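The values are calculated or read from the model by the stated rules, or taken from the named source; none is laboratory data. Here the structure is a predicted model, which means the values were calculated and not measured. Reconstructed Cβ throughout: ideal geometry from the backbone, glycine too, with neighbour counts over all protein chains shown.
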Amino acid sequence: MPGAEISYPLGRSLPHELVFRTMQLKEVTSYPNESHDWGEFVFSFSGVIELTVGVRTYLTPPHYGLWLPPRTEHGASTRSEACYCVLDIASNLCDRLPTQVCTLATGPIIKAILADLMARRVDYPRDDDDERLMRVLVDQMSRAPRQDTYLPNSEDRALAQILEALRQQPSDNRPLEAWAKAVHSTERTLSRRCQRDLGMSFLEWRQRLRLVRALSMLEEGLAVQTVALELGYSTSSAFIAMFHRLMGATPDEFRKRIVQGDGDP
């Protein structure tokens, strides 16, 4: 995989104000939590990167990148093969970038610059042209639309138990009432805690979880019908409708664009 390997101790200053790294992962991988004084923009060329920040899990499916402001403690993992890049940005260049963790929609200019940097194995600006190009990239990031693609968690013991069970078995279709009985609570109590801790309903959270898993499964080449059944949908059409509503494309359209590396979702 083209790209330069940059090595520097975490917690210290960057060797340059802008540093570009690419990584190729061949298997399921996880990284321990870390925090540093510079910001990071993470973009996946293929595969889905999951980054955990506090009690939220953010995703970087293709056509989106994740912005981590300086001093954001985070962990990362992948559930399949992935090729991704990281742009490290010194804190003094982060003034125009969001102050909160967020997912950014990557337009054609951002994607073209990232692809160019990777193809030429640029690790940091070696001349004025590269300096201008990478500054344009930061400028485009500051203007990029922000998206909401995270899975919040809860520290409530009963609700956390349910969410973890669903992470292990996202096809579980039990209604909230049944889950309440399983954890010795009530449907009303759990419903309130979902809104309080997750900012969404139980059904919305489970749907978002299934979308997360679907992205990885589709990239692994699984048939749409197989993905639908493994995620608890009784028919492919129900899964396709959910996917299209949340991603703006059918599963087959999504997969085709990933293979071609072209277009927005």
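Given the structure, is Asp139 touching a helix residue (DSSP H, G or I) at 6+ places or on another chain (Cβ under 9 Å), among the charged types (D, E, K, R), assigned to a helix (DSSP H, G or I) and within 20 Å of Leu14 (Cα to Cα)?
Details: touching a helix residue (DSSP H, G or I) at 6+ places or on another chain (Cβ under 9 Å): no; among the charged types (D, E, K, R): yes; assigned to a helix (DSSP H, G or I): yes; within 20 Å of Leu14 (Cα to Cα): yes.
No, not satisfied.
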Query - Residues (at pLDDT 90 or above, part of a helix (DSSP H, G or I) and farther than 26 Å from Phe45 by Cβ) located in the range 198-228 - result: Phe202, Leu203, Glu204, Trp205, Arg206, Gln207, Gln225, Ala228
Query raised in the report: Are any residues in the range 167-203 in contact with a helix residue (DSSP H, G or I) (Cβ under 6 Å, 6 or more places away or on another chain), over 15 Å from Val55 (Cβ atoms) and among the aliphatic types (A, V, I, L, M), and if so, which ones?
Result: Leu176, Ala180, Val183, Leu190
Report summary line: Residues of the range 1-52 being modelled with pLDDT of 70 or more and at positive phi, in sequence order, are Gly47
Query raised in the report: Applying the selection to the range 230-251, what residues are assigned to a helix (DSSP H, G or I), loosely packed, with under 15 Cβ neighbours inside 10 Å and at pLDDT 90 or above?
Result: Ser237, Ala238, Ala241
Query raised in the report: If we keep just the residues of the range 153-167 that are free of Cβ contacts under 8 Å to residues at least 24 places away in the same chain and surrounded by 13 or more Cβ atoms within 10 Å (Cβ to Cβ), which is nearest to Thr235 (Cα to Cα)?
Result: Ala165
Report task. For residues that are surrounded by fewer than 22 Cβ atoms within 10 Å (Cβ to Cβ) and within 17 Å of the chain's Cα centre (by Cα), tally how many sit in the range 218-229. Result -> 2
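A quick yes/no check of all residues on (1) touching a residue at least 12 places away in the same chain (Cβ under 8 Å); (2) closer than 22 Å to Arg56 by Cα:
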position: Gln169; (1), (2): no, yes
position: Gly199; (1), (2): yes, yes
position: Arg208; (1), (2): yes, yes
position: Ser237; (1), (2): no, no
Query raised in the report: Can you spot a residue in the range 85-99 that is at pLDDT below 90 and not assigned by TED's automatic domain parsing to the domain that holds Leu198?
Result: no
